[in-house]
1. Quick check: anything in the stretch 185-206 at pLDDT 95 or above, surrounded by 18 or more Cβ atoms within 10 Å (Cβ to Cβ), farther than 29 Å from residue 107 by Cα and of a type in the set (S, T, N, Q)?
2. Residues in the stretch 88-101 that are touching a strand residue (DSSP E or B) at 6+ places or on another chain (Cβ under 7 Å) and in a loop (DSSP other than H, G, I, E, B): how many?
3. Could you tell me whether the stretch 103-115 includes any residue that is within 16 Å of residue 50 (Cα to Cα) and either among the β-branched types (Val, Ile, Thr) or at pLDDT below 95 (or both)?
4. Starting from the stretch 126-139, keep only residues that are in contact (Cβ under 8 Å) with a residue 40 or more places away in the chain, then list their pairs with residues that are of a type in the set (Gly, Ala, Ser) whose Cβ atoms are within a distance under 6 Å, requiring at least 6 positions of separation or different chains.
5. I'd like to check which helices (runs of 4 or more DSSP H) are fully inside the stretch 1-87 and have at least 2 residues that are of a type in the set (Gly, Ala, Ser).
6. Return the only residue of 91, 60 being out of contact with any Asp or Glu (no Cβ under 9 Å at 6 or more places or on another chain), among the β-branched types (Val, Ile, Thr), over 24 Å from residue 129 (Cα atoms) and surrounded by fewer than 21 Cβ atoms within 10 Å (Cβ to Cβ).
7. Filter the stretch 30-53 down to residues that are under 17 Å from the mean Cα position of the chain (by Cα), polar (S, T, N, Q) and surrounded by fewer than 18 Cβ atoms within 10 Å (Cβ to Cβ), then give me how many there are.
8. Return a yes/no flag: does the stretch 40-57 have any residue that is out of contact with any strand residue (DSSP E or B) (no Cβ under 9 Å at 6 or more places or on another chain) and small (Gly, Ala, Ser).
Amino acid sequence: MPDLKKHWNKAYSNNDITKLGWYEEDPNPSLQLIQKCKFSQDARLLNVGVGASSLIDELVNLGYKNVIASDISDAALEKLQARLGIKKDKVQWIVDDLTNPAKLSEIDAVDLWHDRAVLHFFTEEKDQDRYFSLLKRKVKQNGFVLISTFNTEGATKCSGLQVHRYNKSMLVDKLGANFKLVEYFNYTYTMPSGDTRPYIYTIFKRI
């Protein structure tokens, strides 16, 4: 497995974030699903592999008080903090590795686990198992899991790295019987370059 911390620090340090292939100016697909969950403003909303996502700006602006932003890349979080300015103090920041978690293992359970475009970078089964093990330990009863990832029609590489693509059934199997699929849809994301990437968006509820 490549050194993902080094890879992502380089990607975020050396590039304008608005030109990165996964940059999303409008996080509406994720935001709409989150709003359907009808969270209270005190809900704990964990965003894993957040990069410099504009979703964090939106959640803060909507008044959510317990937004958590986590990434393996210090550089990504620094860029996101710089963009938020004084609003950065409304967010809990965690630099950690989802496949070898330290700080994330210690946090209280969350109402939402949100992942856009992270899971598919874990191509080895042991790393996928560690990811889902952490998820299952940290999502509350009646909490939600929102995963959006490259679908099986999507690209086989992103940012120079191999990816593992998913369909609905594969994600259902990974999450297991304690998570009920609430909604899913395929979505074609248009990159800053104009190229397109087919995603699948899924939201599950812990039962």
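1. No, that holds for no residue.
2. 2
3. Within the stretch 103-115 (the criterion being within 16 Å of residue 50 (Cα to Cα) and either among the β-branched types (Val, Ile, Thr) or at pLDDT below 95 (or both)), the answer is yes, since at least one residue qualifies.
4. Final answer for the pair search is 138/109.
5. Numbers: elements: 4-14, 28-36, 55-61, 74-84.
Ranges flagged: 4-14, 74-84.
6. Matching residue, one of 91, 60: 60.
7. Final tally of qualifying residues: 2.
8. There is at least one residue in the stretch 40-57 that is out of contact with any strand residue (DSSP E or B) (no Cβ under 9 Å at 6 or more places or on another chain) and small (Gly, Ala, Ser).
The values are calculated or read from the model by the stated rules, or taken from the named source; none is laboratory data. These numbers were taken from a predicted model, which means no experiment stands behind them. Cβ coordinates were reconstructed from backbone atoms using ideal geometry, including for glycine residues, and neighbour counts include every protein chain displayed.
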